[in-house]
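K.L.:
Before I ask anything, let me first share the structure, which is written out below as structure tokens.
The values are calculated or read from the model by the stated rules, or taken from the named source; none is laboratory data. Given the structure is predicted, the values throughout are model-derived calculations rather than measurements. Positions of Cβ are backbone-derived with ideal geometry, glycine not excepted, and every protein chain shown enters the neighbour counts. Surface areas here come from the heavy atoms of the whole protein model, side chains and all, with no ligands, DNA or RNA. Shrake-Rupley method; radii C 1.70, N 1.55, O 1.52, S 1.80 Å.
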Amino acid sequence: MKDITPDNIKTFIGLIEEAEHPVVVTHAKPDGDAIGSSVAMFHFLNMCGKQDTYLVLNDNCPRFLTFIKDTVPADRLVIRDGNENEAMAHIAAADLMICLDFHAFHRTGALENAISESKARKILIDHHLDPDRTLYDISFSQNDISSASELLFWILMAAPQIGGKAEKLPSAAATALMTGMTTDTNNFGNSVYPSTLNMASDLLRAGVDRDMIIQKICQEHSESRLRLKGFILKDLMKVTEDGVAYMVLDKKAQYGYKMQEGDTEGFVNMPLSIADVRMSILAKEDNDRIRISIRSKKGTSANRCARLFFNGGGHENAAGGKLYMPVGEVEEYIARHAHIYMTEYEK
Ligand code: 5GP
Ligand code: MN
């Protein structure tokens, strides 16, 4: 935890104490780690007496995360999608901005310009590669950690308000952090470090109800989501001789299976259960782009492939990006570039 030094914690707490209008932001299309870390940060700011705090999201979160989101009072949560003016006004009025789970402002979608133009002091808490630390008054950035939620957990544990006692965390923050870490590790399936298990153990001891979390994130989905999963595996998934699996989900299928935001969470991992598959790519048609998710097994770099061919990046084995082309051309593009990648860059 190289950035969690006494000096940095002092600066972090000092920035919070001096702030009157803090705003918490995270990446667009927020996942469990984005919602978990930003909601936990919101509750910690409240605990520090910062009642005039807002959480500004670019998009609403998937339904299975509402149990976390709903712990933030409705009048303190602003979703830009549908409340453009309000979201921009809160960002403009912020004197402290806490940025969670993203390495670059462009990952916040339509909030990007407002955040980069903001004169607020800024704090970064993130676990992606290569953030521009000069943009922040203080940055906590670490890649060898499970999640932004875990990084925030260790920062808060080092703060005098918590003093290393997880039971002192606001209970909604503790639950949010456990949820973010659990979803980003795929329920302890990847990116698990000794510190990750220590965090889980501390939070369980502090009374976090992990059974409830698992029920919310794994057992409350719709029937159509499970049928969509079956359709993808049976009809859409292609497996190449180079050990790449790919799936292209167009709008027609998304409507047909009543797909909601977050419904495909975890689907990109499924083909990695095949022995010969080293990398899996899921392409989803969105309004103005094709969204790409890539996962790889150890020894194959999803990050490099995303950077080279999909206008993106991410972590070594979990990355993403986007394509700008008609959905009808995506299969051919992926097949061709996956072949080039596996034969020319992964040899
Ligand atoms: P997901 O597949 O869950 O959407 O994204 C996995 C990871 O890939 C994210 O945590 C993020 O690090 C990265 N990622 C996803 N989309 C993009 C993108 O458009 N650009 C960059 N640089 N990284 C992305
Ligand atoms: Mn994350």
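K.L.:
Would it be correct to say that residue 30 is at pLDDT below 95 and either within 16 Å of ligand 1 (Cβ to nearest atom) or open to solvent by 10 Å² or more (accessible area, probe 1.4 Å) (or both)?
P.N.:
Values: at pLDDT below 95: no; either within 16 Å of ligand 1 (Cβ to nearest atom) or open to solvent by 10 Å² or more (accessible area, probe 1.4 Å) (or both): yes.
No, not satisfied.
A quick yes/no check of all residues on (1) among the aliphatic types (A, V, I, L, M); (2) away from ligand 2 (no atom under 15 Å from the Cβ); (3) in contact with a Pro (Cβ under 7 Å, 6 or more places away or on another chain); (4) assigned to a loop (DSSP other than H, G, I, E, B):
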site: 129; (1), (2), (3), (4): yes, no, no, yes
site: 134; (1), (2), (3), (4): no, yes, no, no
site: 152; (1), (2), (3), (4): yes, no, no, no
site: 189; (1), (2), (3), (4): no, no, no, yes
site: 196; (1), (2), (3), (4): no, no, no, no
site: 200; (1), (2), (3), (4): yes, yes, no, no
site: 214; (1), (2), (3), (4): yes, yes, no, no
site: 221; (1), (2), (3), (4): no, yes, no, yes
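K.L.:
Residues that are crowded, with 17+ Cβ neighbours inside 10 Å, away from ligand 1 (no atom under 16 Å from the Cβ) and closer than 30 Å to residue 278 by Cβ: does the stretch 168-189 have at least one?
P.N.:
No, the stretch 168-189 contains no residue that is crowded, with 17+ Cβ neighbours inside 10 Å, away from ligand 1 (no atom under 16 Å from the Cβ) and closer than 30 Å to residue 278 by Cβ.
K.L.:
Residue by residue through the stretch 246-273, note down the ones that are open to solvent by less than 30 Å² (accessible area, probe 1.4 Å) and in a helix (DSSP H, G or I).
P.N.:
Hits for the stretch 246-273 are 253, 254, 267, 268, 271.
K.L.:
Suppose we filter the stretch 69-115 for residues that are in contact with a His (Cβ under 9 Å, 6 or more places away or on another chain), of a type outside the set (A, V, I, L, M) and away from ligand 2 (no atom under 16 Å from the Cβ); how many remain?
P.N.:
Of the residues in that region, 4 qualify.
Yes/no per residue for (1) within 18 Å of the chain's Cα centre (by Cα); (2) without any contact (Cβ under 8 Å) to a residue 60 or more places away in the chain; (3) farther than 16 Å from residue 243 by Cα:
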{"site": "278", "(1), (2), (3)": "no, no, no"}
{"site": "285", "(1), (2), (3)": "no, yes, yes"}
{"site": "313", "(1), (2), (3)": "yes, no, yes"}
{"site": "327", "(1), (2), (3)": "no, no, yes"}
{"site": "337", "(1), (2), (3)": "no, yes, no"}
{"site": "344", "(1), (2), (3)": "no, yes, no"}
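K.L.:
In addition: Can you tell me which residue in the stretch 190-239 is least open to solvent (accessible area, probe 1.4 Å), limited to those that are without any contact (Cβ under 8 Å) to a residue 60 or more places away in the chain and acidic (Asp, Glu)?
P.N.:
202
K.L.:
Can residue 147 be described as in contact (Cβ under 8 Å) with a residue 24 or more places away in the chain, among the hydroxyl-bearing types (Ser, Thr, Tyr) and within 13 Å of ligand 2 (Cβ to nearest atom)? First the steps, then the outcome.
P.N.:
Working: in contact (Cβ under 8 Å) with a residue 24 or more places away in the chain: yes; among the hydroxyl-bearing types (Ser, Thr, Tyr): yes; within 13 Å of ligand 2 (Cβ to nearest atom): yes.
In short, yes.
K.L.:
Among the listed residues 133, 107, which satisfies the condition of being more than 16 Å from ligand 1 (Cβ to nearest atom), open to solvent by 50 Å² or more (accessible area, probe 1.4 Å) and either closer than 25 Å to residue 10 by Cα or modelled with pLDDT of 95 or more (or both)?
P.N.:
133
K.L.:
Also, quick follow-up: Which of the residues that make up the stretch 175-187 are more than 13 Å from residue 68 (Cβ to Cβ) and away from ligand 2 (no atom under 16 Å from the Cβ)?
P.N.:
none
K.L.:
Quick one: residue 162 ticks every box in (1) away from ligand 1 (no atom under 13 Å from the Cβ); (2) not in a loop (DSSP other than H, G, I, E, B) bar one, so which box is it?
P.N.:
Against the list (1) away from ligand 1 (no atom under 13 Å from the Cβ); (2) not in a loop (DSSP other than H, G, I, E, B), residue 162 comes up short only on (2).
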